[in-house]
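I have placed the structure first, in the form of C-alpha cells, so that the comments after it can refer back to it.
Here, each number is a calculation from the coordinates, and none is a lab measurement. In this text the structure is predicted, and so the values were computed from the model without any measurement. FYI the Cβ positions are ideal-geometry reconstructions off the backbone, even for glycines, and counts take in every protein chain you see.
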Amino acid sequence: MKDRRDATQPISVSFEREEAGAEKLRTWINELPDDSEFRLRLEEIRVYYESLLRDARLLVRMGDRLQAKLRAANEELAQKNEEIAHYNLQLREKNRELQETLDALQESQRRRRALTVLGLSAIVIFMITELIEYYIERSASDATSQWANFISFGLKALVALAFKPLEEFVESLLSRTVPPK
C-alpha cells in the first residue's frame, strides 16, 4: 500500500501487490496434492487473506468517501471564514462610522450648551454694560460724559471680541464636566 504524504491531495491506494500475493498463494496451493494437510492449511490462510483484502478495500473506499466529505466541509468552512472576515471588516467600518457620528453628535451637543451658556452670559454682560454706561452718564461731568460713549463702546467691543474664546473655554469645560446624554 502507498503511504499518505499530503492530507489535502487524494491518495489512490493500489492493492496490486496484495492481489499478486493472493494469486501467488492460489498458484502454490494448486500445485500441492489435493489430500495434503499443508494444502488445507494454506487454503484456510488464503480464505482469511482474501477476506482481509476485501475488508481493506472496503475500508479504503469508505475512507476515501469520508476524506472527500471532510475536504468539502473544510472548503465550505474556509469559504464561511472568508465571509465572516468580510462581515467583520464591514462591521468594523460601520462601528468606526457610528463612533464618528456619535462623537460629532456629542460635540454638537456640547457646542449648543456652550452657546446657550454664552448667549445668556452675553445678555447679562450687555445689561451690565448698559447699567455701567447709564451710571457713567449720570455721574459723570460734562467733560467725562463725552468719554462715556467711548468707554461703553469699548466694553461692548471687549465683550464681542471675547465671545469666541469664551465659547471654546465653556465648551471644553462642559466636555470635561457634563457627561453626554
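Give, as a single signed number, the net charge of other residues whose beta carbon lies under 15 Å from the beta carbon of Glu168, with Lys and Arg counted +1 and Asp and Glu -1.
Residues close to Glu168 contribute a combined charge of +3.
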Requested in this report: Name the aspartates and glutamates eligible as straight-distance cross-link partners of Lys94: C-alpha to C-alpha under 12 Å, and not fewer than 8 places from it in the same chain.
Outcome: none
Report task. Please list 106-115, 85-94, 158-167 highest first by mean number of surrounding beta-carbon atoms within 10 Å per residue. Result -> 106-115, 158-167, 85-94
Query - Karplus 3J(HN,Hα) series, Hz, for segment 87-103 with 6.51 cos²θ - 1.76 cosθ + 1.60 (x for Gly, Pro) - result: 5, 4, 5, 4, 5, 4, 5, 5, 4, 5, 4, 5, 5, 5, 5, 5, 4
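At 4 °C and 1.567 mPa s, what whole-number value in µm²/s does Stokes-Einstein give for the translational diffusion of segment 16-177, with Rh from the Kirkwood sum over Cα pairs?
50
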Query raised in the report: What is the local net charge at Tyr49, summed over the other residues whose Cβ is closer than 12 Å to its Cβ (Lys, Arg +1; Asp, Glu -1)?
Result: -3
